[in-house]
Amino acid sequence: MSTISSQEVARVAGLARIALTDEEIERFAGELGVVAESVAKVSEVATPDVPATSHPIPLTNVMRADEIGETLDRDEVMACAPASQDGQFVVPQILEED
């Protein structure tokens, strides 16, 4: 038997302003009942001696190690910029602030 009644589904749908047909209300009551029963089963198994996990498999870092390499010459970069001043790019102001 479902733990979620049709009346409860209709009430929540009304609060959410979702129009449901009688058939949809009955179907959702059954589906939500299955979900509630599944959560109850998990709650039975999840005892204090079972450690909490966020992932079923261990996560590993897939990024490469940082290595110092050649950098761009600032003067060369600034020479390619449309506008620069004091070693910085000059861009149009987009906010109306000083």
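Each reported figure results from applying straightforward, stated rules to the coordinates on display, with no laboratory input. All values derive from a computational prediction rather than experimental measurement. Please note: Cβ atoms are built from the backbone with ideal geometry, for glycine as well, and neighbour counts cover all protein chains shown.
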- Item | Under DSSP loop assignment and at most 15 Cβ neighbours within 10 Å, longest trypsin sites (Lys or Arg not before Pro)-free interval of the chain | 18-63
- Query: Looking at ILE25, THR47, LEU59, which one has the Cα that reaches farthest to the positive end of the dipole of region 1-65 (charges on Cβ: Lys, Arg +1; Asp, Glu -1)?
  - Reply: LEU59
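Per residue, how big is the convex hull of the chain when only Cα atoms are used? Give it in Å³. Please list the in-between numbers first.
Details: hull volume 35.9 nm³, N = 98.
Taking the convex hull of the Cα positions in the chain, it is 366 Å³ per residue.
Given Cβ point charges of +1 (Lys, Arg) and -1 (Asp, Glu) and nothing else, what value in debye, to the nearest 20, does the dipole of the chain about its Cα centre take?
Details: 6 positive and 19 negative charges, 133 e Å.
Taking the Cα centre of the chain as origin, the dipole is about 640 debye.
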- Longest span of the chain, sites excluded, free of GluC sites (Glu not before Pro) in DSSP loop with at most 13 other C-beta atoms within 10 Å? 1-66
